[in-house]
1. Looking only at the range 155-178, count how many residues are without any contact (Cβ under 8 Å) to a residue 60 or more places away in the chain and touching a strand residue (DSSP E or B) at 6+ places or on another chain (Cβ under 9 Å).
2. For residue 21, only one of the following conditions fails: (1) farther than 21 Å from residue 273 by Cα; (2) without any contact (Cβ under 8 Å) to a residue 60 or more places away in the chain. What is its number?
3. Any residue in the range 308-316 that is in contact with a strand residue (DSSP E or B) (Cβ under 8 Å, 6 or more places away or on another chain), in contact (Cβ under 8 Å) with a residue 24 or more places away in the chain, assigned to a helix (DSSP H, G or I) and closer than 19 Å to residue 237 by Cα?
4. Just the residues that are under 23 Å from the mean Cα position of the chain (by Cα) and exposed (fewer than 15 other Cβ atoms within 10 Å of the Cβ), please, taken from the range 235-248.
5. How many residues, within the range 310-328, are over 15 Å from residue 265 (Cα atoms) and more than 23 Å from the chain's Cα centre (by Cα)?
6. Can you name the condition, by its number, that residue 136 falls short on among (1) surrounded by 18 or more Cβ atoms within 10 Å (Cβ to Cβ); (2) at pLDDT 95 or above?
7. Quick check on my filter: what residues within the range 155-166 are touching a helix residue (DSSP H, G or I) at 6+ places or on another chain (Cβ under 6 Å) and surrounded by fewer than 20 Cβ atoms within 10 Å (Cβ to Cβ)?
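The values are calculated or read from the model by the stated rules, or taken from the named source; none is laboratory data. Owing to the predicted nature of the structure, the values given are computational and were not obtained by experimental measurement. As a convention, Cβ positions derive from the backbone with ideal geometry for all residues, glycine included, and neighbour counts pool all protein chains shown.
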């Protein structure tokens with residue numbers, strides 16, 4: 001078993017993730033389910049170490065030995081790409097790899113609602129894509145960036161850890177910068193990015209107070225900024241951003257966010273009725289009503305405004321589940337598992 005053979009088999013079986021755990025055969029996540037790959041046999045400690053060490057450059061090996069965690073990208077034959085996390089578990093090396101599709105999906109492929117097109121055609125402001133790990137945030141952002149690339153002239157700068165999809169410049173120019181390879185930190189790169197004449201900036205993940213603060217400030221300066229957070233819905237996203245700041249700064253951040261935020265797209269992936277997976281989404285648009293709730297710290301009322309603002313293009317995840325179930329794109333079991341109120345599902 002080599003890493004290339006394992007990864008090629010994952011691509012062949014249309015897996016989204018690959019797990020290497022000592023004492024078990026490799027495990028693939030296929031359509032959301034974890035499936036053991038018994039044909040490879042159990043992975044022992046030496047095999048895991050040999051496979052994982054084959055991924056490292058000398059610099060990456062040193063970084064892993066110091067931190068016991070490392071994110072990196074891996075490529076096979078210039079075509080197949082993987083986002084890899086290497087870690088230790090019970091003293092053994094372990095690995096989780098995300099398969100990066102060879103082709104960047106289009107917004108149409110992702111069944112993107114029209115209101116999201118309206119958001120990404122803006123010239124400035126902050127747009128957030130949120131959801132749990134493995135919900136397709138990176139894929140959605142890649143489709144958004146590629147749409148801008150193909151439809152307008154812009155200088156697009158992406159800050160990633162690691163670089164996943166590789167963009168080919170079309171109408172736009174695109175500069176992709178990778179953590180540790182091309183920049184010291186997200187915060188440091190964001191401080192200097194204004195000197196690089198950007199129109200559109202993509203921040204792979206807002207991980208800490210400094211990155212969040214700098215990202216919001218960039219959105220204030222006339223740039224269109226995209227970023228991700230590991231949050232489940234719009235209200236939680238706004239709460240998370242505000243709560244990360246010290247209490248004496250929160251009023252100022254609420255004011256900044258109320259002015260710079262353009263929209264939040266929250267999503268998670270569920271099984272499709274005919275196989276594969278699709279995204280269920282919640283979309284918030286920063287209307288005057290939403291802006292006022294953010295400014296006055298009435299975050300708990302945001303869900304109600306989203307529920308009742310269909311004319312502005314907003315909808316909750318429950319409302320999207322009802323739509324998808326009504327269109328027979330998801331089955332009843334999936335709908336019931338993911339919806340917060342079964343009463344919303346009509347026979």
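1. Of all residues in the range 155-178, those without any contact (Cβ under 8 Å) to a residue 60 or more places away in the chain come to 155-160, 168-177.
Checking which are touching a strand residue (DSSP E or B) at 6+ places or on another chain (Cβ under 9 Å) leaves us with 155-160, 168-169, 172-177.
Counting residues in the range 155-178 that are without any contact (Cβ under 8 Å) to a residue 60 or more places away in the chain and touching a strand residue (DSSP E or B) at 6+ places or on another chain (Cβ under 9 Å) gives 14.
2. All conditions pass for residue 21, except number (2).
3. Quick first cut of the range 308-316, residues in contact with a strand residue (DSSP E or B) (Cβ under 8 Å, 6 or more places away or on another chain) only: 309, 312-316.
Remaining after also requiring in contact (Cβ under 8 Å) with a residue 24 or more places away in the chain: 309, 312-316.
Then keep just the ones that are assigned to a helix (DSSP H, G or I); that gives 312.
Remaining after also requiring closer than 19 Å to residue 237 by Cα: none.
Checked against the condition, which is being in contact with a strand residue (DSSP E or B) (Cβ under 8 Å, 6 or more places away or on another chain), in contact (Cβ under 8 Å) with a residue 24 or more places away in the chain, assigned to a helix (DSSP H, G or I) and closer than 19 Å to residue 237 by Cα, the range 308-316 yields no hits at all.
4. As a first pass, look at the range 235-248 and keep what is under 23 Å from the mean Cα position of the chain (by Cα): 235-245.
Passing the criteria: only 243.
5. Residues flagged as over 15 Å from residue 265 (Cα atoms) and more than 23 Å from the chain's Cα centre (by Cα) within the range 310-328 amount to 7.
6. (2)
7. Within the range 155-166, none qualify.
Yes/no per residue for (1) assigned by TED's automatic domain parsing to the domain that holds residue 126; (2) over 30 Å from residue 29 (Cα atoms); (3) loosely packed, with under 12 Cβ neighbours inside 10 Å:
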{"residue": "275", "(1), (2), (3)": "yes, no, yes"}
{"residue": "278", "(1), (2), (3)": "yes, no, no"}
{"residue": "284", "(1), (2), (3)": "yes, yes, no"}
{"residue": "297", "(1), (2), (3)": "yes, yes, no"}
{"residue": "311", "(1), (2), (3)": "yes, yes, yes"}
{"residue": "319", "(1), (2), (3)": "yes, no, no"}
{"residue": "324", "(1), (2), (3)": "yes, no, no"}
